[in-house]
1. With the requirement that a residue be more than 14 Å from the chain's Cα centre (by Cα) and modelled with pLDDT under 95, what does the range B:117-144 give you?
2. Counting only residues that are surrounded by fewer than 24 Cβ atoms within 10 Å (Cβ to Cβ) and under 20 Å from residue C:175 (Cα atoms), which one in the range C:41-80 is farthest from ligand 3 (Cβ to nearest atom)?
3. Report every pair of residues separated by at least 6 positions or lying on different chains whose Cβ atoms are under 7 Å apart, first residue within the range D:162-175 and at positive phi, second assigned to a loop (DSSP other than H, G, I, E, B).
4. Would you say residue D:9 is within 8 Å of another protein chain (Cβ to nearest Cβ) and either within 23 Å of the chain's Cα centre (by Cα) or touching a residue at least 24 places away in the same chain (Cβ under 8 Å) (or both)?
5. Please count how many residues of the range D:77-111 are within 20 Å of the chain's Cα centre (by Cα) and farther than 22 Å from residue C:134 by Cβ.
6. Go through the range D:47-101 and count every residue that is more than 16 Å from ligand 2 (Cβ to nearest atom), at the interface with another protein chain (Cβ under 7 Å from one of its Cβ atoms) and either on the phi < 0 side of the Ramachandran plot or touching a strand residue (DSSP E or B) at 6+ places or on another chain (Cβ under 6 Å) (or both).
7. Is it the case that some residue within the range B:124-134 is within 16 Å of ligand 4 (Cβ to nearest atom) and either over 25 Å from residue B:321 (Cβ atoms) or part of a strand (DSSP E or B) (or both)?
8. For the condition within 14 Å of chain C (Cβ to nearest Cβ), touching a residue at least 12 places away in the same chain (Cβ under 8 Å) and over 26 Å from the mean Cα position of the chain (by Cα), what is the one hit in A:264, A:328, A:322?
Ligand SMILES: Cc1ncc(C[n+]2csc(CCOP(=O)(O)OP(=O)(O)O)c2C)c(N)n1
Ligand SMILES: Cc1ncc(C[n+]2csc(CCOP(=O)(O)OP(=O)(O)O)c2C)c(N)n1
Ligand SMILES: [Mg+2]
Ligand SMILES: [Mg+2]
């Protein structure tokens, strides 16, 4: 066989090495999760009040996955966040007011009202707005990583996607391409047990994390409700990526605690399963960790809520887009050739050393 | 994890069990390989004479893969043969004259001149004509198998595809679907080391046969130049399929001994590699096997050539299609609803028991 | 006869045919236990079971591709795309494998592909598209687009019985807004146009959701007598009905919800420009969405989709021509 | 200036731009060591290396998708589909991710997608398609289609420099048949139409390979003075040039090699029907491939593709109108 085969079997669960996180980091992780939950809860209210048009999707119960993974990313890294990953936008520096404006289709939203709910990415903080077709962004992230590698840059790309998304061809094309070219890309499989109403046993026969080996790179399965575990697995994957060690598939095992969207009562999910996972709430867990370190979590919570109140006011006061602009910006003008993704916030203390 | 995971690792090479093949079977396998090579050699001549329009592709050196696998199929099974698999059509009962007419775009060809070269499948012998987009037929075969399973029929579907084809999304969607539903489908990966000019190391990091485990079914790698080994692996896979044991991925390792098409001098292939594989010619090998059994291979060869001569004459005498029919048959008439694939020839003695 | 929504009429058609033809099989994401994103197959799982109302993996190419395979061995699969937009992910199997099979191999591919399409509810760029013209430009596919409950049932039944691959455009914005009397039992709506309103001064040609926009826009329009032609089928296109209407009215407005360039309306306009030259008393006017993605925010979306006002204004101007 | 084939002109444009802009990267199947199925990138691998002339896996969605990713971080990928037909396998990434990114996110996607298209050499149903109108109906994509060597070079360079995704239709049947004088060095051809021949009695509008068919068909046509307008760009469509030509000639024939329904020519015809009503002295005549897959066998293919004779006959009839 004229093939160069690198057999890398899936590794064991990675455990958090707290040496990588300062106390500030650890409460910072909690803060971002609190803010994600608060923003989404507020947006859900606004949706019920008819102020958020269209449909509404959230990541309730999955906050650790987007927050933990994006915390490991450096300013120059590039991200594609999906529909359960609001935390990533917060971590990168998009303000709650901008996000609420986005949900409400206001001019001040990231897309100026052109796209809805979580279908956005602020290019000024290094994020590509998701395409609804899942998991298209796996290829986009792979392409960004390819450019980094071709230019010899010490950067990486990361994207998230769900258990359902693994069934589509683009999952395979991205995994294969990333493996062949050994690219600095991190794939975070957010396995929340369901794709809309479809349970994983109708989606795959074997847990997709097992497939990484078949593409020649590492696959690791972690507790997706432990934000520090998610951080650590991503940090490690990033280090490997930057060092030329190729891609990593991280499976963050979690549970979707709300319906697929606001319209979905998720009757199809066994109650016991939800109860089981409620006890594993990622915010409760990190609250315990951070409280044990002596931080005042109540103060943090109050701070988050105060910021949210203000953000809500700002967002509600903002205008809707001008209908006369509806057909603007279909094509970029010639001089837009230099508009690229820009660096985002990278709160982890490790990036400041 | 709410997943039902069946871990099936790739098995070892299957060895031929001659008990399954009578002497007649074994010379029959040789005869079909001889005919495949003879028809393609003739077609190549006709191409060089300008009688075969468009381009020309053959399966020289890979005869064992299509002939061996299709020999294991029963009349009620269904097949999608690809561009290196002329042998499958012969085994199922398409006549050399029809095939040569097909190549030459004549009215008597399987597609009445509507499609070219190996882009055909005779529905009257249970074959679906390939779509050029690779490997679209993996999904079509999967769908046929799905219907068989839904109706509780003891039949299976089989398709071939190349090493390059494994990179496309449809490969994954088919493997995954077949695995989830445990369908009676056989995937024959014809690994001939190249996809056009692209060597396998640019196509994948890990041999795709390893991936079967990640879809929950068996993957086996065999010597694709040993027609009896191909037969036996397929027979075994078929038995498993019919018994409800699910799909099998068979990797038949072989070598493309001609250019991708008639226009390709394959300068990009190391000469030594070609030399190495020339010694493994599947027809030479089966000739030795069959000669040792006391068969008169020279007589067989003469018979094949005589049949081919006649077929060529018939084909050359046939008319081109009438241009006034060019736009007929875009849509099937209402009563075509009952036109389906029909049974094909199944030469293996085991099917007559 | 009973009154039902456009959505229920589709369900009714599917159910009726499934009861009488066991070859019919539904495939799609979340159509089983959940009853479909829009609840078109609500209750089907209980009646027909998991084998005939199949919750598939999230894989559009696989849904179309396996349906083709099942069809050529005798099933009659009906595939649901969760939104029509996702057909882009199954595009190849549809336009290459399904569409060309009969022409190439004499092998009919009896599949129906249901595409919940269209905008009007802040679905944004990926949940509002009207992709029908892509399929009109893929020979071998039939394309139908009902506007009423009655036709929705009759066309879905006819689609399932047609031996060819049929793309069934069901407009999401009609699902619950449009109601009508629907006959019990089984019937087929022919793949031909329908005069939705008789008239003499001008004809407006539309299909799907736009038929309702047009009917509203042309009711009581300065006393003019306006015919409304509902195409119902885009492939085959009822050229005779179109040319007859133009001959009768001499003025024509064509309305598309889809983006303007190369839309279905462009084909209709081209047909008229070639075949009705001597019948025309004015330009062939088109109203369509401009060539931009369908935006999410209500004021932007409203500015893009053809509105009652825009259609009315177009008619008024042409009447005065 | 030097004379070269259409094919070499594309190569020349790619090479020129790659030499001056290191962000340009070519991606495709067999474009490296082999130099491409049609040899457009012959020799590029030696000059630019494997990193800039990338032999990719056989995966069209990945080619487009990764190109988009590379573009938004600063590269300028040029993707080759081995045949334009295979774009169906990368359709979603092109029409959904690439096309809508700037509108949705203010993020330009500077990719060029080269589509070797068209029939005329027994390529059969999967190697002869002209898919441009699918992309005209996907807002956010530019679509260009050169007919001459000079324009092939100028348009490929302009495409690479344009910050938007540009679909570059290169007609396979022109590759080696068409030659012309091509300027050295770098230049851009504007995305506007070009008068290929002046004339007064009738204008024939075409693009790509059909420009040559039309020029041949209308040379010395019963002494008539026939203008030929080569669109060159389909998006943006040079509406002014089209309307000017119709105003000048009053009679128009539109020729498409693509299947007729919803083709580029349908849009051109619709435009004229709406905007040139008072300028027309006859119907807007179209010549195109009928709506069927492009057959393989020479007599069948010749019966389907628009021929010199069919174009000539259409012009003759319209002149007599
Ligand atoms: C290609 C494609 N098909 C269908 C959909 C419709 N859809 C949106 S989300 C969703 C479920 C996704 O499941 P999963 O990947 O597990 O992500 P989750 O929502 O659970 O986070 C579906 C089917 C889509 N977005 N893209
Ligand atoms: C989707 C798709 N992309 C590109 C091609 C063009 N093409 C035809 S054969 C071929 C190589 C196929 O390689 P492989 O799958 O290894 O099969 P082999 O020809 O070696 O038998 C390519 C790229 C195609 N047919 N389909
Ligand atoms: Mg999920
Ligand atoms: Mg190969």
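1. Residue satisfying the conditions is B:117 alone.
2. Ranking the qualifying residues of the range C:41-80, first place goes to C:43.
3. Taking only residues 6 or more apart or on different chains, not a single pair turns up.
4. So residue D:9 does not fit the description; no.
5. The total comes to 4.
6. Selection size over the range D:47-101: 11.
7. yes
8. A:322 is the lone residue from the list that is within 14 Å of chain C (Cβ to nearest Cβ), touching a residue at least 12 places away in the same chain (Cβ under 8 Å) and over 26 Å from the mean Cα position of the chain (by Cα).
The values are calculated or read from the model by the stated rules, or taken from the named source; none is laboratory data. Note that the structure is a prediction, hence the values are computed from the model and not measured. Every residue, glycine among them, receives a Cβ derived from its backbone with ideal geometry; neighbour counts consider all protein chains shown.
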